[in-house]
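Here the structure comes first, spelled out in structure tokens, and everything after it is commentary.
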Amino acid sequence: PVGADWQVEKRSVALILDGGFAACTGALVNNTANDGTPYFLTANHCYGNTTTSWVFVFNHESSTCTGTDGPINQTVSGCTLRAKNAGSDFCLVELSSIPPASYNVQYAGWDASDANTVSAAIGIHHPSGDLKKISFENDAPTQGTWSGAQTWDVNQWDDGITEPGSSGSPLFDQNHRIIGQLYGGGSA
């Protein structure tokens, strides 16, 4: 129920498998041409030296918070690196194919305009490769650094947690637009 207002945005989020192992999370992002190019945003630290073994698992979720099983058959294999930067810990890839219409994916919107307008942070992610989860920070995140990268700092999640595997997941603002991706930090 806490994620009821995030049903559209959650469809952009996917689990990244690297060599068959749950590695990170990320999201399909729209571009200014609005042309359906399957760009996928995650964290730079999720990128090793290659993306050749990456598989993207969409809709790996349960209708309840206590569910333990979710579909794992909605996948796209492979991608091409388009850009990455350790200074803000982002990695943008283009999926090797557009996810089929039957996956009912969504391309998330984003906003890089003004940190002063952000009053809350919401993360949708796959902690430890688990089913999709949602976390809320009801206060404004601040801009800071984490391990030398420019990041958003979430003081403490008010509802939900993050774990390894949540890395690279989209950080949404109160207007349901991506403002960055999860790098690291404490989870409480």
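The values are calculated or read from the model by the stated rules, or taken from the named source; none is laboratory data. All values derive from a computational prediction rather than experimental measurement. Cβ coordinates were reconstructed from backbone atoms using ideal geometry, including for glycine residues, and neighbour counts include every protein chain displayed. We work out accessible area using only protein heavy atoms, side chains counted, and drop any ligands, DNA or RNA first. Shrake-Rupley method; radii C 1.70, N 1.55, O 1.52, S 1.80 Å.
Annotation: T37 carries an accessible surface of approximately 30 Å², with a 1.4 Å probe and no ligand, DNA or RNA atoms counted. Note on the chain: GNM, Cα springs under 10 Å; of I72, I16, I134, the largest mean-square fluctuation is that of I72. Taking all protein chains into account, the per residue accessible area for the chain stands at 48 Å² (1.4 Å probe). Within the same chain, aspartates and glutamates fewer than 8 places from K10 are excluded, and of the rest, those with a Cα less than 16 Å from its Cα are E61, D130, D173. Ranking E94, E163 from most to least accessible surface, computed with a 1.4 Å probe over the protein chains only, gives E163, E94.
What percentage of the solvent-accessible surface of the stretch 106-172, computed with a 1.4 Å probe over protein heavy atoms, is contributed by carbon and sulfur atoms? The computed percentage sits at 45. Once you reduce the stretch 124-188 and the stretch 38-80 to the center of their Cα atoms, the two points are 17 Å from each other.
Computed over Cα pairs, the Kirkwood radius of the chain leads via Stokes-Einstein (1.002 mPa s, 20 °C) to a diffusion coefficient of 132 µm² per second.
The relative contact order of the stretch 85-188, computed from alpha carbon pairs under 8 Å that lie at least 6 residues apart in sequence, is 29 percent. At an R0 of 41 angstrom, the distance between the Cβ atoms of R82 and S119 translates into a FRET efficiency of 0.85.
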